[in-house]
Amino acid sequence: YMQTGCIFPAFTIFHNNKKYDRHLSIFAIKAITLYEKLPFAFEMMEEILFHTDFSDTKRLAELISEQKSKLQMRLTSSGHTTAIGRGMAYFSEIYAYSDAVTGIGYYKLIEELDETFDEKKEEVVRRLQNLCRLIFRKDTFIGSVTAEQEGFEKVYPLTENLLGKLPVEPLDVPSYTM
């Protein structure tokens, strides 16, 4: 039977209203569940964060094709928003970044991966593993909970447990300019 409402990844870009050239990018694992199912939800999030196996390249190719199809539908169904975002990408570094990770730039990357996956699969696996190492870290963790007091009390120890498993060693993260 179903254990959670859903568990899904989400990517969000927060613009800084005071400093237009600044933003905060967040990759999140979101879960919707009942309080009594929180331990299972955290177990699944830990599975995603720490035990995702990228070596199944056949499945990875299927996921890339599926993502391409979803992006085609999303981008065409909101063509006006897509066009505005793409146009703004030529004038704003933040919009260029947004386009690269959620817009037409991202679609072009996925399309290229879909078409050339067999030749690049080892590199794709290596880069995904490296991204996980860069993203899923204690020093980049941001927690957010929407719940009543009872929910907060149940989430806190589960979050502390998860934080204890995240890497903490110093890491040189290259800066990137669009």
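Tabulated data for the structure shown
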item	result
Residue match in the stretch 31-39 (condition: touching a residue at least 24 places away in the same chain (Cβ under 8 Å) and closer than 30 Å to Asp99 by Cβ)	yes
Residue within the stretch 76-97 that is touching a helix residue (DSSP H, G or I) at 6+ places or on another chain (Cβ under 8 Å) and within 29 Å of Leu163 (Cβ to Cβ) present	no
Subset of the stretch 139-177 [assigned to a helix (DSSP H, G or I), modelled with pLDDT under 90 and closer than 19 Å to Ala31 by Cβ]	Thr140
Close pairs (9 angstrom Cβ cut-off, 6 or more residues apart or separate chains): within 18 Å of Glu66 (Cα to Cα) and at pLDDT 95 or above in the stretch 115-136, buried (at least 16 other Cβ atoms within 10 Å of the Cβ) and among the β-branched types (Val, Ile, Thr) anywhere	Phe117/Ile64; Phe117/Val124; Val124/Ile64
Residues within the stretch 53-101 that are in a loop (DSSP other than H, G, I, E, B), open to solvent by 60 Å² or more (accessible area, probe 1.4 Å) and farther than 22 Å from Leu113 by Cβ, tallied	2
Pairs where the first residue, in the stretch 82-104, is closer than 15 Å to Ile13 by Cβ and the second is open to solvent by 40 Å² or more (accessible area, probe 1.4 Å) and charged (D, E, K, R), C-beta under 9 Å, 6+ apart	Ser92/Asp21; Glu93/Asp21; Ile94/Asp21; Ile94/Arg22; Tyr95/Arg86; Asp99/Arg86; Gly103/Arg86
Residue among Leu60, Leu71 that is under 12 Å from Ile104 (Cβ atoms), among the hydrophobic types (A, V, I, L, M, F, W, C) and in contact (Cβ under 8 Å) with a residue 24 or more places away in the chain	Leu71
Subset tally (residues that are open to solvent by less than 100 Å² (accessible area, probe 1.4 Å) and under 15 Å from the mean Cα position of the chain (by Cα)) for the stretch 130-142	9
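Quick grid of which residues meet (1) more than 18 Å from the chain's Cα centre (by Cα); (2) surrounded by 14 or more Cβ atoms within 10 Å (Cβ to Cβ):
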| site | (1), (2) |
| --- | --- |
| Ile104 | no, yes |
| Phe117 | yes, yes |
| Ser144 | no, no |
| Glu153 | yes, no |
| Pro157 | yes, no |
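The values are calculated or read from the model by the stated rules, or taken from the named source; none is laboratory data. Keep in mind that this is a model prediction, so the values were computed, not measured. Cβ coordinates were reconstructed from backbone atoms using ideal geometry, including for glycine residues, and neighbour counts include every protein chain displayed. Only protein heavy atoms, including side chains, enter the accessible area calculation; ligands, DNA and RNA are left aside. Shrake-Rupley method; radii C 1.70, N 1.55, O 1.52, S 1.80 Å.
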